[in-house]
Amino acid sequence: MARKRRWAPVVRAPRPALPDEAEKLAIVAACEAFIRDVLKPRFLPEIRPTRWNYVIDIHGAWAAGRYRFMQRYRSGIEHNSGEEFDAPFARIDRLGRDRFDICWMRHTGRWWRVHVGVTLAEALRILETDEVLHPI
């Protein structure tokens, strides 16, 4: 006799409380300084247009307790020349006061956690030194 299949609820861990505005601004300011002082000079010293998609900027965005590091691409392909899109390459997830996970965007489009429970200063140092987390 065949068993009946039943739907089961998925239990997810509760998300940490969002930071207050001052902490959020401090995180965003530190990440923007990191992009300006480390990532752009190292990985985008100049914009080199090509026939294909090419990087024109490195920037970040805060959303839902996470800060994503992204590359902005411009298309050089004839049929959609000039169109732009963002491609995230790394993310820090806030777990609590000065505790973060670091995630890497896989080629499959899914985030993969690579470092757990580090401080913001450690997270930025890891983003600078871990080649897996570098922009392409």
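Every number here is computed from the coordinates shown, using simple stated rules; none is lab data. Source: prediction; values computed, not measured. Because the Cβ atoms are built from the backbone with ideal geometry, glycine has one as well, and the counts that use them run over all protein chains shown.
Over region 21-133, Cα pairs under 8 Å with separation of 6+ residues give a relative contact order of 16 percent. If the elastic network links every pair of Cα atoms under 10 Å, which of G117, G60, G76 fluctuates the most in the Gaussian network model of the chain? Maximum among the listed residues: G76. Of interest is the spacing of the C-alpha centroids, which for region 109-136 and region 23-55 amounts to 15 Å. Note on the chain: with a GNM built from Cα contacts shorter than 10 Å, the maximum mean-square fluctuation among A22, A123, A33 falls on A22. On the basis of the beta-carbon distance and an R0 of 35 Å, I136 and A64 show a calculated FRET efficiency of 0.90.
The convex hull around the C-alpha trace of region 90-136, projected and averaged over every direction, spans 3.0 square nanometres. Reported value for the chain: 174 Å³ per residue, from the convex hull of its C-alpha atoms.
Applying the Karplus relation 6.51 cos²θ - 1.76 cosθ + 1.60 with θ = phi - 60° to region 110-125 yields 3J(HN,Hα) values of 10, 7, 10, 6, 10, 9, 10, x, 9, 6, 5, 4, 5, 4, 5, 5 Hz, where x marks Gly and Pro. In the chain, helices alone account for a calculated mean residue ellipticity at 222 nm of -6000 deg cm²/dmol, with every DSSP H run of four or more residues adding -39,500 (n - 2.57).
Computed from Cα atoms, the angle from the helix 21-34 axis to the main principal axis of the chain rounds to 40 degrees.
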